[in-house]
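Asks: Structure incoming, see below.
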Amino acid sequence: MRSLVLNADNLVVSRLHGQLMRVIQADLTSARGLRNVAEGDVVLLTDFEFNNRSPLSATFYAPYTGTIDRATGTLTLEVPPYVPTEMIMAPSGATHYKIISSGAAIDFNNRSFEVDSIESAVLPWNGLPTVALNHSHEVTAASTHPLFLVVCLAFYQEINGEMYALQDGSYNCSAIVKVSKA
C-alpha cells in the first residue's frame with residue numbers, strides 16, 4: 001500500500017508507532033515483554049489517518065461503506081452516487097480527483113502481506129452526480145491474519161487537456177477505514 005501513503009505527513013511514523021504501541025499493549029495473552037501486534041487489538045488502527053494535513057475524514061464527506069468478509073477474503077468499498085463539489089473538500093487548483101482503495105492481509109509475525117489495490121478513473125470535481133463506485137479486493141479466503149481496508153483520495157489539475165497530480169503532500173489523504181482481527 002506504499003503508493004497510498006506516499007503523501008503521508010512528516011509525523012506519520014511517530015503517530016503510527018504510538019498507535020501500534022496501543023495495539024501491542026492490548027495483547028492480553030502474551031507474557032509481558034513478549035506482547036506483539038498479532039495478538040493485540042489491531043482494530044485500534046481503524047480510522048488511522050496517514051496525512052494529518054489532509055485527513056480523509058475532513059476531505060471526503062460522501063457516505064461510503066467498507067465491509068470485510070473473512071470467509072471469502074473479500075474487502076469491499078462501496079460509495080453511492082454523490083455530488084463531488086458538495087462531498088469533497090478539494091484543494092485550491094484541483095479540477096479532478098480519483099479514489100484509490102486497497103485491501104490487505106498482514107502477517108505481522110512473518111513480516112509478509114497480501115495487497116490488492118484498485119483506482120477509479122480520474123473524475124471531474126464538479127457539481128454533477130457521480131455513479132456508484134464499488135471496489136472489491138481479494139485476499140486469501142479464511143485468512144488467519146488481520147485484514148485492512150484503506151481509502152485514499154488523490155487530486156489533479158487539468159491544464160491544456162493534460163492531468164497533473166497535485167504533488168504537495170498536504171493535499172492527498174488516506175486512512176484505514178476498516179479492520180478485521182483474525
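Asks: Taking a 1.4 Å probe, which of His17, His145, His137 shows the most accessible area, and what order do the others take after it? Walk me through the numbers before you get to the answer.
Replies: Values: His17 115, His145 55, His137 0 Å².
In descending accessible area the options line up as His17, His145, His137.
Asks: Among Arg32, Arg15, what's the order by accessible area (1.4 angstrom probe), most exposed first?
Replies: Values: Arg32 215, Arg15 60 Å².
So, going from the largest accessible area down, we get Arg32, Arg15.
Asks: Next question, about the same structure. If you filter region 49-155 for trypsin sites (Lys or Arg not before Pro), then keep DSSP loop positions with at most 11 other Cβ within 10 Å, what is left?
Replies: Values: sites: Arg53, Arg70, Lys98, Arg111; in loops: Arg53, Arg70, Arg111.
Passing both the DSSP loop test and the Cβ count: Arg111.
Asks: Put +1 on the Cβ of every Lys and Arg and -1 on every Asp and Glu Cβ in the chain; which of Asn36, Asn52, Phe155 then has its Cα farthest towards the positive end of the dipole?
Replies: Asn36
Asks: A further question on this structure: Over all distinct alpha-carbon pairs, what is the Kirkwood Rh of region 60-124 in angstrom?
Replies: On the way: mean 1/r = 0.0709 Å⁻¹.
Mean inverse Cα-Cα distance, inverted, gives 14.1 Å.
Asks: Just need the Rg to Rh number for the chain, please, alpha carbons only, Kirkwood Rh.
Replies: 1.01
Asks: When the Karplus curve 6.51 cos²θ - 1.76 cosθ + 1.60 is applied with θ = phi - 60°, which whole-Hz ³J(HN,Hα) does each residue of region 45-50 get, with x for Gly and Pro?
Replies: Ordered by residue, 3J(HN,Hα) equals 7, 4, 6, 5, 9, 7 Hz.
Asks: While we're looking at this one, here's another question. What are the principal axis extents of the Cα atoms in region 1-106, in Å, biggest first?
Replies: 53, 36, 20
Asks: If you rank Asp107, Asp47 by how much accessible surface each has, with a 1.4 Å probe, what is the order from largest down? List each step's numbers first, then the result.
Replies: On the way: Asp107 20, Asp47 105 Å².
Largest accessible area first, the residues go Asp47, Asp107.
Asks: Could you give the accessible area per residue of region 89-182, probe 1.4 Å, as a whole number in Å²? Mind showing how you got there, number by number?
Replies: Details: 4630 Å² over 94 residues.
That works out to 49 Å² per residue.
Asks: For Cα pairs less than 8 Å apart in space and 6+ apart in sequence, what is the mean separation divided by the residue count of the chain, i.e. the relative contact order in percent?
Replies: Numbers: 417 pairs, mean separation 52.1, N = 182.
Answer for the chain is 29 percent.
Asks: Here's another thing I want to ask about it. Hey, any idea what % of region 61-116's accessible area is carbon plus sulfur with a 1.4 Å probe?
Replies: On the way: 1410 of 2650 Å².
Of all accessible area on region 61-116, carbon and sulfur atoms account for 53 percent.
Asks: While we're looking at this one, here's another question. Might you report the magnitude of the Cβ-based charge dipole of the chain about its Cα centre, with Lys and Arg at +1 and Asp and Glu at -1, to the nearest 20 debye?
Replies: Working: 11 positive and 17 negative charges, 111 e Å.
That gives a dipole near 540 debye.
Asks: Here's another thing I want to ask about it. Relative to the longest principal Cα axis of the chain, at what angle does helix 12-25 sit, 0 to 90 degrees, rounded to 10?
Replies: Once rounded, one gets 30 degrees.
Asks: Counting only Cα atoms, I'd like the Rg/Rh figure for region 36-86, Kirkwood definition for Rh.
Replies: Here the Rg-to-Rh quotient is 1.06.
The values are calculated or read from the model by the stated rules, or taken from the named source; none is laboratory data. Fair warning: this is a prediction, and the values are worked out from it, not measured in the lab. Quick reminder, even Gly has a Cβ in these numbers, built from the backbone with ideal geometry, and neighbours come from all protein chains shown. Just so you know, the surface numbers come from the protein's heavy atoms only, side chains and all, with ligands and any DNA or RNA stripped out. Shrake-Rupley method; radii C 1.70, N 1.55, O 1.52, S 1.80 Å.
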